[in-house]
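**Q** Sending over a structure as structure tokens; questions will come in a sec.
Any read-out appearing in this document is the output of simple, stated calculations on the displayed coordinates, not a laboratory observation. None of these values were measured; they are calculated from a predicted model. A quick note on method: Cβ atoms are made from the backbone with ideal geometry, for glycine too, and the neighbour counts reach across all protein chains shown.
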Amino acid sequence: HPKKMEHELIGWMVAMHLLKSVEKAGEIMMNDTNWMATYGSKDEIITKGNAHPADLPKPLTSFNSQSSATSIMHGMPLPSKEDVWTMNHVSCRTSFLPVLSGKMDSIIVSGLVSSTAEDDIMNPRGDDVYKSGWVVDVGQVERDTKKKVAKFGGLGYIDMKTALYGIPESGTLRFWLPYEGQAHDHMHHDAHEYDADHWFDSLVVCEVNEKRTSDECKVESDMTFAIGGVVSPSVTKMQDEASYLGKKICVSVKLPPGISVTKRKDVVPSEGVTLTPHAEAMLRDETGVHEEDDVGLLLDVTVTGAGVTRAKGACSISHIVWEQH
């Protein structure tokens, strides 16, 4: 099949581009027996207490420096050296398949119809399900395409654009975005040290990339994002970073001033609903992997556009990305 062979060609081209880097890495490992300490990963650098990860050159590409998500994409200059840049820690969760790490359900607290995450994704979801909460679903074009290629063994396609879909009747979908960045080198006893901007920098939310009608949900105007219990003062389309067939699919969600982080042990579901089974296990972890005092951002997403319907195109979330320092 042409498309399958095209994917193989692209994979080969990417591999060839990476080959020089792999050869360089091999050379370093051969010449420096202490290479792991010399060229540690970002996580290793952080555990050593280094204030900044590896230095980077100033970006060569042009970008909108006024966007609240500039640093999440391009980094930022060091205060003392404008030509030396660095990147903060960036976390991501996705609903797309396959995913090896960073599954979306790991940050969902409440508001999801849990049965839709377990049911066969090829089975259509009824309107009554959408009215009882947010739903794990795929667009009609995606479902029809998968049915067609399934007749021929899938033709090599292993991806699936699953996403979280909602309409006004779906209610509030609550997330808890854990702080996964650099370990802070001081105790947090003062109230101001729980200010969100002491931990987090920026937040990006993306919808599913699919062809729909011109009357579909508009993320920046039909969805309301509340962070730490306060509605975001600004939700803007990202113009240069993410698009699909000319459609801008990601928004930068500005953190409201004065909001606080929430400890893992204090996370509760949104009013009137219960924790998802996965959230119950994650928030009440007894394995010792997580600490009760771990902090994160509470993110509540609600469809508030009165004209949003399934027929026109429900609102969707496929990726959530957040930056920490």
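**Q** How are the alpha carbon pair distances in segment 65-170 distributed across 5 Å bins from zero to the largest one, expressed in percent?
**A** For segment 65-170, the pair-distance distribution reads 2, 10, 16, 16, 13, 11, 10, 9, 6, 4, 2, 0, 0.
**Q** Further question: Farthest toward the dipole's positive end in segment 224-265, which of Val261, Val230, Ser243, given Cβ charges of +1 (Lys, Arg) and -1 (Asp, Glu) about the Cα centre?
**A** Working it through, the farthest residue towards the positive pole turns out to be Val261.
**Q** Shifting gears a bit: Can you list the trypsin sites (Lys or Arg not before Pro) in segment 115-179 that are in a DSSP coil and have 12 or fewer other beta carbons within 10 angstrom? Could you put the intermediate results ahead of the total?
**A** Details: sites: Arg125, Lys131, Arg143, Lys146, Lys147, Lys148, Lys151, Lys161, Arg174; in loops: Arg125, Lys131, Lys151, Lys161.
Sparse-neighbourhood loop trypsin sites (Lys or Arg not before Pro): Lys151.
**Q** Mind scanning Lys211/Lys248; Lys161/Lys218; Lys103/Lys151; Lys131/Lys237; Lys161/Lys237 and naming the pairs with a C-alpha gap bigger than 23 Å? Don't jump to the answer; show the numbers that get you there.
**A** On the way: Lys211/Lys248 12 Å; Lys161/Lys218 19 Å; Lys103/Lys151 29 Å; Lys131/Lys237 27 Å; Lys161/Lys237 21 Å.
As for pairs spanning more than 23 Å Cα to Cα, those are Lys103/Lys151; Lys131/Lys237.
**Q** Which order, highest average first, do 212-221, 22-31, 132-141 follow once you tally other Cβ atoms within 10 Å for each residue and take the mean per peptide? Mind dumping the intermediate values first?
**A** Working: 212-221: 15.1, 22-31: 10.3, 132-141: 21.1.
Taking the mean over residues of other Cβ atoms within 10 Å, the ranking is 132-141, 212-221, 22-31.
**Q** Just tell me which lysines come within less than 21 Å, Cα to Cα, of Lys24; anything on the same chain fewer than 8 places away is out.
**A** In chain and number order, the partners are Lys42.
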